[in-house]
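Each remark here refers to the structure printed beneath this line.
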Amino acid sequence: MRPDAPVRVAIADYGAGNLVSIRNALVRLGAEVRVATEADGLRDADLIVVPGVGASAPAMARLRRRGLAEAIPEALRTGAWYLGVCLGMQLLFDRSEEDGARMLGILSGEVRRLTGAPRLPHIGWNQLEAVRPDPVLAGLPDHAPAYFVHSYAPIPEDPAVIVTRTVHGDPFTSLVASGRIVGCQFHPERSGADGLRILGNVLGLVAADRGR
Amino acid sequence: MLLRRVIPCLDVSDGRVVKGVRFVDLSDEGDPPELAARYAAEGADEICFLDIGAAPEGRGTMLSIVERTAREVFVPITVGGGVRTPAEMMAVLRAGADKVAVNSAAVADPTLLSRCARRFGRQCVVISIDARQDPARPGSWEVVVMGGRRPTGRDAIAWAQEAVALGAGEILLTSIDRDGTQGGFDLALLRAVGAAVDVPVIASGGAGTPADMVAALAEGGADAVLAASIFHRGIHSIRSVKAAIAAAGLPVRTLEDDR
């Protein structure tokens, strides 16, 4: 694989909403993007993107039905990257308080409803406050604005995976990164130039890792 | 901290952006995706398309406008107008919209809100409420539908609460008395609805100056301000409105160039 070949992205399509904007954003950034509706679609992908809005239990049920719940962890074991957006980030964790769903369990922790929030859902632009440096944030100012639409967020067991926090009522984890896993509680594909930069950083990390 | 949003609204009819004064006297303002991209580049926090065309064949045109816009614009897109069923909402979301606003159809059948929220999540269900001050009862407002032409006898505050209880995740609140007048928002209406619900409220109807937008946020307690004509006609820019909001001490998203 030439190091400058486009990153091959598979977007997991399990019927949980808007794939259009994340696909458009990744295409704009030069990735080779396909939509995977079943396990076979993940083959040879450098990066698996799991988008999604809505509730965890129906999302997990659909991922299982399509064989993706097993195929995604398998692909990660063989070197693929994972980018989870919104619900796709929450699915990385063990379980959700929302409906008791058992999820992918790739990262340890539980998804809980935001606490102390003046209004829910948390809809709109809010700031990413870095708790540690990470290459995913390269080129972004601290407190970069990002677009959120959610009422729940994960509480990682291992604080080392937390890259940014965001304040809406009590602070919550808005970005995690660990090895080849990245999860955004916000929508980078809807966060203007700053969001595209985060996606570009992820694609750059994937490309560099592949060249190794 | 949650940032206040500035949202240009593009009223679309037969594939073109139009803006009426009090919903009549339409004048042609431009190509929707082109205008949307321009506003996003100027710092718009969200783009709102309202389909005000009456013709059913306009639905397909609207979907293709959303598709074209979603390829160029990387801020949230809200689409309203003409959605009557969860299947129609699905088509709009699939075209690339992030949120769908429903208005008359939800008044006619409020279960539309719960059915859409169950299927797509409440975060993408916006209840659009057109409200008119009730001359007989100061401090109360009546819901009107069909582009402001038909009174419903419903109390706007009670309808806002019912809509949220059914599954609306956000309220797009338009004062029909102020819409198109550029005479300032109905701050009492904003305060009354904001106090009655716990979801975000978008102020609409009456934006004339950046100071009006600041008042809607600071005094009206709105989470976002929406305007059409003042942006389309170049009377004020997204940037100047955001500068005024920042100067008033409210948190707002600034563009990279302005940091």
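The values are calculated or read from the model by the stated rules, or taken from the named source; none is laboratory data. Since the structure is predicted, the reported quantities are computational estimates derived from the model, not experimental observations. Because the Cβ atoms are built from the backbone with ideal geometry, glycine has one as well, and the counts that use them run over all protein chains shown.
If the condition is being out of contact with any helix residue (DSSP H, G or I) (no Cβ under 8 Å at 6 or more places or on another chain), surrounded by 20 or more Cβ atoms within 10 Å (Cβ to Cβ) and closer than 22 Å to A:Gly195 by Cα, then the range B:225-259 contributes only B:Lys242. Here the condition is being in contact with a strand residue (DSSP E or B) (Cβ under 9 Å, 6 or more places away or on another chain), of a type in the set (Gly, Ala, Ser), at negative phi and modelled with pLDDT under 95; of A:Ala144, A:Ala160, A:Ala193, A:Ala117, it holds for A:Ala117 alone.
Picking from residues in the range B:153-168 that are buried (at least 24 other Cβ atoms within 10 Å of the Cβ) and within 14 Å of chain A (Cβ to nearest Cβ), the one that is nearest to A:Pro121 (Cα to Cα) is B:Ala168. At least 2 residues being away from chain B (no Cβ under 13 Å) is the threshold, and among the helices (runs of 4 or more DSSP H) wholly inside the range A:1-109 those reaching it are A:56-65, A:68-77, A:87-90. All of B:Asp98, B:Asp51 fail the test of being touching a Gly at 6+ places or on another chain (Cβ under 7 Å) and acidic (Asp, Glu), apart from B:Asp51.
Within the range B:107-118, identify whether any single residue is more than 11 Å from B:Gly167 (Cβ to Cβ) and within 14 Å of chain A (Cβ to nearest Cβ), and answer yes or no. No, the range B:107-118 has no match at all. Scanning the range A:156-192 for residues that are buried (at least 18 other Cβ atoms within 10 Å of the Cβ), within 14 Å of chain B (Cβ to nearest Cβ) and small (Gly, Ala, Ser) turns up A:Ser174, A:Ser191, A:Gly192.
Residues in the range B:220-228: is at least one touching a strand residue (DSSP E or B) at 6+ places or on another chain (Cβ under 8 Å), in a loop (DSSP other than H, G, I, E, B), more than 13 Å from chain A (Cβ to nearest Cβ) and within 22 Å of B:Val145 (Cβ to Cβ)? Yes, the range B:220-228 contains a residue that is touching a strand residue (DSSP E or B) at 6+ places or on another chain (Cβ under 8 Å), in a loop (DSSP other than H, G, I, E, B), more than 13 Å from chain A (Cβ to nearest Cβ) and within 22 Å of B:Val145 (Cβ to Cβ). The set of residues from the range A:1-55 being under 15 Å from A:Leu83 (Cα atoms) and small (Gly, Ala, Ser) comprises A:Ala10, A:Ala12, A:Ser21, A:Ala25, A:Ala31, A:Ala36, A:Ala45, A:Gly52.
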